[in-house]
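Here's the structure we're looking at; comments come further down.
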Ligand SMILES: [Zn+2]
């Protein structure tokens with residue numbers, strides 16, 4: 001009798017265990033189907049293709065996200081940069097692309113496009129072969145390694161993908177996002193960017209004739225009424241942001257932002273001083289680009305001093321975390 005009960009008890013216990021395991025499986029299967037804050041399903045579906053509009057070839061192609069990221073990193077950062085800087089770029093570029101995709105894609109009617117002024121720069125394999133020549137295989141292997149080793153990793157703040165902006169060189173300090181763009185993002189704060197010494201963009205200058213300067217400014221702001229002979233008294237930097245970039249500048253009877261003048265004269269950055277010679281106007285600039293987010297030159301400098309890509313990313317994207 002007792003023996004029989006034990007057997008029954010054992011069978012009942014096993015059945016109960018099986019039932020519990022089944023319930024647990026069902027629970028997790030349902031949970032996996034729940035949408036995260038942003039629907040990121042395609043991150044875990046490597047076969048998911050995206051459509052990319054190629055501006056130079058005037059056509060669209062379909063390719064895998066990670067394959068696309070290789071072409072972006074190859075176009076947005078020199079292949080000669082340190083591996084950890086390339087990895088930081090891969091994560092930033094992936095984050096930027098994912099956020100763009102989840103916000104409805106690009107204005108070209110595709111998911112993304114190959115223009116850096118709209119989405120991110122992207123070169124096709126044929127273009128990379130042309131650009132890199134004999135270094136094609138070596139460079140491609142280096143960049144592919146940076147992308148593969150950070151596969152699916154993206155930057156988040158409060159559970160949302162961040163706007164992972166980046167630029168070539170900051171000149172010493174990056175910029176608060178609201179000083180360049182509309183939104184004040186908590187993770188896009190001005191930070192010190194040391195280690196840019198090796199960059200050709202740390203300091204540079206743009207020279208144009210006094211006449212050309214006057215023509216451009218009066219063309220853009222007719223109320224300025226600049227005169228080539230009176231620039232010393234007519235032009236004055238009125239204010240700078242804490243970073244050093246020009247906030248407002250007086251141009252004769254008109255006033256402009258440093259960013260507007262940078263755009264008009266295609267200056268490398270809005271962090272400049274202005275010098276007039278007898279014949280010319282010379283802008284001495286620091287850095288290259290808008291200055292918001294990660295400085296690529298700074299990332300490379302940090303990598304050269306032994307920093308890993310995660311350290312680089314958390315330096316430039318305040319409070320952001322990396323997850324898959
Ligand atoms: Zn685009």
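General remarks:
- Scanning region 203-231 for residues being crowded, with 20+ Cβ neighbours inside 10 Å and under 18 Å from residue 288 (Cβ atoms) gives a total of 0.
- Complete set of residues in region 272-288 that are in a loop (DSSP other than H, G, I, E, B) and farther than 11 Å from residue 202 by Cα: 277, 278, 279
- Yes/no for residue 48 being modelled with pLDDT under 95 and touching a helix residue (DSSP H, G or I) at 6+ places or on another chain (Cβ under 8 Å): yes
- Any chance residue 146 is within 12 Å of the chain's Cα centre (by Cα) and either crowded, with 20+ Cβ neighbours inside 10 Å or in contact (Cβ under 8 Å) with a residue 12 or more places away in the chain (or both): no
- Restricted to region 98-124, and to residues there that are without any contact (Cβ under 8 Å) to a residue 24 or more places away in the chain and under 23 Å from residue 151 (Cβ atoms), the residue that is farthest from the ligand (Cβ to nearest atom) is 103.
The values are calculated or read from the model by the stated rules, or taken from the named source; none is laboratory data. Keep in mind that this is a model prediction, so the values were computed, not measured. Cβ atoms come from the backbone with ideal geometry, glycine included; neighbour counts cover every protein chain shown.
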